[in-house]
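Report on the following structure.
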Amino acid sequence: MSTEQTAIKTAYFSIIGNTLLALIKGLAGLFGNSYALIADAIESTADIFSSALVFLGLKYAKKPADDNHPYGHGKIEPLITFIVVAFLVTSATVIAYESIEHIQTPHKTPKPWTLVVLGCIILWKEVSFQIVLKKSKETHSSSLKADAWHHRSDAITSVMAFIGISIALIFGEGYETADDWAALLASIFILYNSYLIFRPALGEIMDEHLYDDLILEIREKSIEVPGILGTEKCYIRKSGMRYHVDLHAIVDSNITVKKGHDLSHKLKDYLHSEILNLGNISIHIEPNDCSL
């Protein structure tokens, strides 16, 4: 299975999971007198749409390069990530506003059984986070990483709700709003996670220098090719799940232009075979007596 197919399959998993959890949380919050669970359901509903956007973005990013997009369509991924972050920020804002409203309005203590529901939700969302995060690392997908952190923020919201409801049940009258305070605190965590997701995606779309480990691997693999004496400049830009490379390779200054041309193709083929997820590789040949 290709990285693109793996990413799309993972997005399906997120959409189905978020849909089921939104229904469970909403019903449990409504019948269990817990706004923290209702706030959780609001976030999960937003998660459905964001996961659907991730899915559509991954499908679009999979399109091959064409005349108008010689590096492919992968740049859609960080753009989708920005939209996912916008969903997170909107969810956090709505949760915070509604929490403050409920804190000021007397209401019933949440039902004890809501803790059981929350415990199952926390476990499922943490498992979902680990699964999607692992797949995002395997595929190098920034939008999948954002989707993974959506699962983690959902788990954090549920943990806060669990703590708030527990306080309300243990201390009784006067502590009915504990789960509302918990939801308010969860909204702050969600905003913080939004920044953690946004910053790498911004770096990706701005072609920041973010890939030192990959550059080192490319340099080490390059000198394994007979005739390549070393490397000079190496620049990387990420587009979707592919890394496009501009590399200056040092060769013997006495070889012919044809030999240098052939070496560049051998190096390109070797790098593609040894390092996964490399896209276009542009190689500039440098003679060794002119290298810096």
Can you work out the FRET efficiency for the pair residue 196 and residue 67, with r the C-beta to C-beta distance and R0 = 41 Å, to the nearest 0.05?
0.65
Spin-label pair residue 233/residue 272, simplified geometry with 7 Å Cα→Cβ offset, distance in nm:
2.3 nm
Taking every pair of alpha-carbon atoms in the stretch 1-154, what share in percent sits in each 10 Å bin, from 0 to the bin with the longest distance?
11, 37, 29, 15, 6, 2, 0
What nm value, rounded to one decimal, do you get for the distance between residue 56 and residue 207 when each label is placed 7 Å out toward the C-beta?
2.8 nm
With Cα coordinates, the longest principal axis of the chain makes an angle with the long axis of helix 35-61, in degrees rounded to 10, of 20 degrees
Summing -39500 (n - 2.57) over every DSSP H run of at least 4 residues in the chain and dividing by its residue count gives a helix-only mean residue ellipticity at 222 nm, to the nearest 500 deg cm²/dmol, of -24000 deg cm²/dmol
Starting from the Cα of residue 221, draw a straight line to each of the aspartates and glutamates and keep only those under 13 Å, dropping any in the same chain fewer than 8 residues away.
213, 269, 274
Give me the accessible area of residue 102, 1.4 Å probe, in Å² rounded to the nearest 10.
60 Å²
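In debye, nearest 20, what is the charge dipole magnitude of the stretch 128-270 about its Cα centre with +1 on Lys and Arg Cβ and -1 on Asp and Glu Cβ, if you could check?
Dipole size: approximately 720 debye.
Using a 1.4 angstrom probe on the protein heavy atoms only, line up 258, 221 by accessible area, largest first.
Result, largest first: 258, 221.
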Per residue solvent-accessible surface (Å²) - the stretch 102-200, probe of 1.4 Å:
48 Å²
Where does each of 144-152, 268-276 land if you order them by average Cβ count within 10 Å, highest first?
144-152, 268-276
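Quick check: at a probe of 1.4 Å, how many percent of the accessible area of the stretch 208-279 sits on carbon and sulfur atoms?
Numbers: 2090 of 3870 Å².
Taking all protein chains in place, the stretch 208-279 shows 54 percent carbon and sulfur surface.
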Using θ = phi - 60° and the Karplus relation 6.51 cos²θ - 1.76 cosθ + 1.60, list the HN-Hα couplings for the stretch 123-130 in order, rounded to whole Hz, with x at every Gly or Pro.
4, 5, 5, 5, 4, 4, 4, 5
Compare 111, 125 by solvent-accessible area with a 1.4 Å probe and give them largest first, with all protein chains kept in place.
111, 125
With r as the distance between the Cβ atoms of residue 94 and residue 138 and R0 = 35 Å, compute the FRET efficiency 1/(1 + (r/R0)^6) and round to 0.05.
0.60
Report which label in [x] 63, 46, 34; [y] 88, 32, 29; [z] 59, 48, 30 holds the value of Cα extents along the principal axes in Å derived from the coordinates of this structure.
[y]
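The values are calculated or read from the model by the stated rules, or taken from the named source; none is laboratory data. Predicted model, so just to flag it, every value in this text is computed and none were measured. So basically every Cβ, Gly included, is an ideal-geometry build from the backbone, and we count neighbours across all protein chains shown. Side chains included, ligands, DNA and RNA excluded: accessible areas come from the protein's heavy atoms. Shrake-Rupley method; radii C 1.70, N 1.55, O 1.52, S 1.80 Å.
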